[in-house]
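My structure is below; once you've seen it, I'll send some questions.
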Amino acid sequence: MKSNFVKEIYEKTAEDYDRWVIPCKKCQYMMLIESLDLKGDEIGLDVGCGPGELTRTLAQRLDTGKVIGLDISANMVELAAEKTEKRGINNVEFVNANYKERDYKDKFDVCVSSYLFHWLEDPRVFLRWVRRALQDQGKLGVISPSPEWYREVQKAYHHVLDKYDVDKREIIGKKVYQQKDIEKFFENEGFLIRSFNEFSFKEDTSIETCLRRINAKSGQSYFRDIPENLKEEARESFMEELKNHTKKLVTTESGYIVIATRM
Ligand SMILES: C[S@@+](CC[C@H](N)C(=O)[O-])C[C@H]1O[C@@H](n2cnc3c(N)ncnc32)[C@H](O)[C@@H]1O
């Protein structure tokens, strides 16, 4: 998945992402920060920070430390900076860039990244980059979706793709990894995994709300292989399939919290 494609999605959805998605992630951020066992004087980095909620949660945990939030989307960074200023948090700096374009070396004590993993072209490249940016024994905390997330919705989506004879793909992101793949990536790129925890939410959410969140996360890119003249029909078919596949409870936020040390 090329970075420009991802950037275009989040330039469009920044406001909606902040409104519809971020509230569902706040307790995940708390779990992540808690598991990092921080002293409070660390220099931190949040890669793919989006509207900056995790960046701020980390910054508020660091009494004397500070955090850089990095994101490829200018609209995300602008929103993040605005919200941070409004909240009076002043130990954060936001940078608008593709992470690959920044060359940090041995700079950070801690790095976090939430819901970026499934958008990466190659997680190994990302982990190599993070390893260079971290100090020796620096900590890395990642939140990544698991194959369980949106299980019922994904099933409905795949039924629609089948109808149009289109190859199956993730409804959000490039690839959602299983625990064993993530463990291998981390270990092969010089990280020692300290903890690996799974979480999963089932919600009694309306189809409309569920779709609103998926659209904020994906910019509706999931219909991109369907011909333009059939898109509207595919959307209607998707709504029908959702009604059939989603019973009362839908698996929504579901993923892994991985804490590792740079070796
Ligand atoms: C799914 S959002 C996650 C936002 C936030 N971290 C969260 O927990 O919800 C992914 C974010 O990563 C950013 N992103 C994607 N590729 C990137 C890259 N190569 N460098 C920096 N940011 C990137 C996107 O712009 C987007 O804001």
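Can you confirm whether E208 is crowded, with 17+ Cβ neighbours inside 10 Å and acidic (D, E)?
For E208, the condition - crowded, with 17+ Cβ neighbours inside 10 Å and acidic (D, E) - is not met.
Here is a list of conditions, (1) buried (at least 19 other Cβ atoms within 10 Å of the Cβ); (2) within 16 Å of the ligand (Cβ to nearest atom), and K174 meets all of them except one; can you say which number that is?
Here K174 clears every test but (1).
Looking at this structure, is N197 closer than 29 Å to S35 by Cα and of a type outside the set (D, E)?
yes
Taking region 226-263 on its own, how many of its residues are charged (D, E, K, R) and outside any helix (DSSP H, G or I)?
4
Name every residue in region 48-65 that is assigned to a loop (DSSP other than H, G, I, E, B) and within 25 Å of H118 (Cα to Cα), in order of residue number.
Scanning region 48-65 gives G48, C49, G50, P51, G52.
Further question: Kindly indicate whether Y99 is at pLDDT 95 or above, at positive phi and among the hydroxyl-bearing types (S, T, Y).
Answer is no for this residue.
Looking for something in contact with a Lys or Arg (Cβ under 9 Å, 6 or more places away or on another chain), closer than 19 Å to R132 by Cβ and away from the ligand (no atom under 14 Å from the Cβ) - is there at least one such residue anywhere in region 110-117?
yes
While we're here: Determine whether G50 is more than 10 Å from the ligand (Cβ to nearest atom) and surrounded by 15 or more Cβ atoms within 10 Å (Cβ to Cβ).
So G50 fails the test.
Restricting the search to region 53-84, which residues are more than 10 Å from the ligand (Cβ to nearest atom) and of a type in the set (A, V, I, L, M, F, W, C)?
L58, A59, L62, V67, I68, A81
Search region 59-78 for residues being without any contact (Cβ under 8 Å) to a residue 60 or more places away in the chain and within 16 Å of the chain's Cα centre (by Cα), and hand back the single one that is nearest to F126 (Cα to Cα).
L70
So is T205 out of contact with any Pro (no Cβ under 7 Å at 6 or more places or on another chain), of a type in the set (S, T, N, Q) and in a helix (DSSP H, G or I) or not?
no
Additional query: Only one of T13, T84 is under 15 Å from the mean Cα position of the chain (by Cα), of a type in the set (S, T, N, Q) and modelled with pLDDT of 95 or more; which?
After ruling out the rest, the residue left standing is T13.
Out of everything in region 28-47 that is within 12 Å of the ligand (Cβ to nearest atom) and not acidic (D, E), what residue ends up being farthest from S113 (Cα to Cα)?
Per the stated criteria, the residue is Q28.
The values are calculated or read from the model by the stated rules, or taken from the named source; none is laboratory data. Note that the structure is a prediction, hence the values are computed from the model and not measured. Positions of Cβ are backbone-derived with ideal geometry, glycine not excepted, and every protein chain shown enters the neighbour counts.
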